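The values are calculated or read from the model by the stated rules, or taken from the named source; none is laboratory data. Predicted model, so just to flag it, every value in this text is computed and none were measured. A quick note on method: Cβ atoms are made from the backbone with ideal geometry, for glycine too, and the neighbour counts reach across all protein chains shown.
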Amino acid sequence: MCKKTKFGFIGTGAWSSALANVLSHNDYQSMLYGIDQNEIQDIAKGFNTKYFSSREFFNHENIFVTNKLSELIKFSDVIVLGIPSQFVQSVLKELQNELKYKKIDLINLSKGFEPNSEKPFSEFIKKKFKRNLKNLATFIGPSFAVEVFNEQFTTINVVGENVEYINSLTKAFNNNFFNLVPEQNEVGAEIFAAIKNVLAIGMGIISIIYESINTNAALLTMGIQEISKIVKELNPNVNNSEVAMSFAGIGDVFLTCSSTKSRNYRFGQQIAEIGLEKTLEENSRTVEGIETAKTLAKILKKHDIDVPFLKNILSIISGQKNPLKILDFIKN
């Protein structure tokens with residue numbers, strides 16, 4: 001991938017802005033597409049104060065912004081889906097209407113399962129966007145956008161079928177503080193990335209109810225084991241033994257399930273502190289684990305997978321069980 005490659009981000013959020021900033025460090029140009037006029041004006045001045053306070057983009061002359069999808073498409077060699085997962089389907093339709101029969105390279109940043117198909121988003125994109133898709137890659141791993149923007153060392157996985165395309169992305173993005181590592185088990189990595197958000201809600205609950213480090217460590221281990229069991233069931237005929245130890249596996253689990261910077265973890269803590277109803281009322285920002293929980297419940301029922309800890313977390317999120325009963329699956 002040469003220096004002339006230009007990246008177009010659909011979304012002006014934290015992750016899109018952080019990755020555009022990474023590319024600017026590497027002397028690549030990016031354009032961000034959004035609909036919030038205040039954010040658009042802010043980015044045009046070299047900032048995204050909503051997420052990064054007064055910190056300026058690096059070489060902000062490399063970063064452009066627009067409120068016209070057609071302008072983004074005209075600018076971009078690679079398009080990045082940097083939007084909340086619930087908007088992926090509608091945005092793909094908008095893209096298809098603009099692209100007609102043109103094929104593009106795509107990067108997906110959405111984690112979770114597409115609710116209707118119950119498939120990871122990459123599988124959904126490949127099917128629904130087939131007419132316009134040249135190559136697809138998904139970025140997964142332990143990363144808070146604000147730390148990437150602030151140039152804190154970060155390593156995540158990139159997954160996809162086309163090795164040449166994946167390698168070209170590592171060359172474009174990698175530098176002394178941001179590192180993409182290819183992971184071969186695309187589906188396994190994405191399932192881990194999705195379900196870890198549900199586990200994070202559970203670990204947030206655990207952290208408030210049980211102060212014991214022993215208890216927290218034991219439950220986190222159980223959670224990883226249960227996710228691995230689901231990965232094996234949903235991704236058969238593939239060696240899934242290594243994905244749990246990848247950046248998309250244990251790396252993302254550690255980050256999301258142990259830090260109050262994690263919206264899912266903090267959401268779980270709030271459930272334990274003030275109850276589910278008030279927590280739902282007070283959370284206006286996206287908590288991916290809530291939507292993932294609904295789809296995961298359907299998947300577990302369909303495949304009859306025995307994962308008692310995760311099932312208890314799902315029961316609490318759906319309001320069927322008191323958070324204090326989160327460990328009632330453990331038999332004496």
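Observations, loosely collected:
- Subset of segment 250-263 that is of a type in the set (D, E, K, R) and surrounded by 14 or more Cβ atoms within 10 Å (Cβ to Cβ) - its residue that is modelled with the lowest pLDDT: ARG263
- Here is the figure for segment 152-173: residues that are under 22 Å from ASP27 (Cα atoms) and without any contact (Cβ under 8 Å) to a residue 40 or more places away in the chain total 8.
- Of the residues making up segment 203-249, those that are crowded, with 17+ Cβ neighbours inside 10 Å, modelled with pLDDT of 95 or more and in contact with a Phe, Trp or Tyr (Cβ under 7 Å, 6 or more places away or on another chain) are MET203, GLY204, LEU219, MET222, GLY223, GLU226, ILE227, VAL231, ALA248, GLY249.
- Meets criteria (at pLDDT 95 or above, surrounded by 20 or more Cβ atoms within 10 Å (Cβ to Cβ), assigned by TED's automatic domain parsing to the domain that holds LYS103 and touching an Asp or Glu at 6+ places or on another chain (Cβ under 8 Å)) for VAL158: yes
- Summed over segment 44-61, the residues that are surrounded by 19 or more Cβ atoms within 10 Å (Cβ to Cβ) and either of a type in the set (D, E, K, R) or closer than 15 Å to LEU23 by Cα (or both) give a count of 1.
- Subset tally (residues that are without any contact (Cβ under 8 Å) to a residue 24 or more places away in the chain and in a loop (DSSP other than H, G, I, E, B)) for segment 211-254: 5
- Residue selected from segment 264-285 under the condition more than 18 Å from LEU310 (Cα to Cα) and basic (Lys, Arg), by the criterion modelled with the highest pLDDT: LYS278
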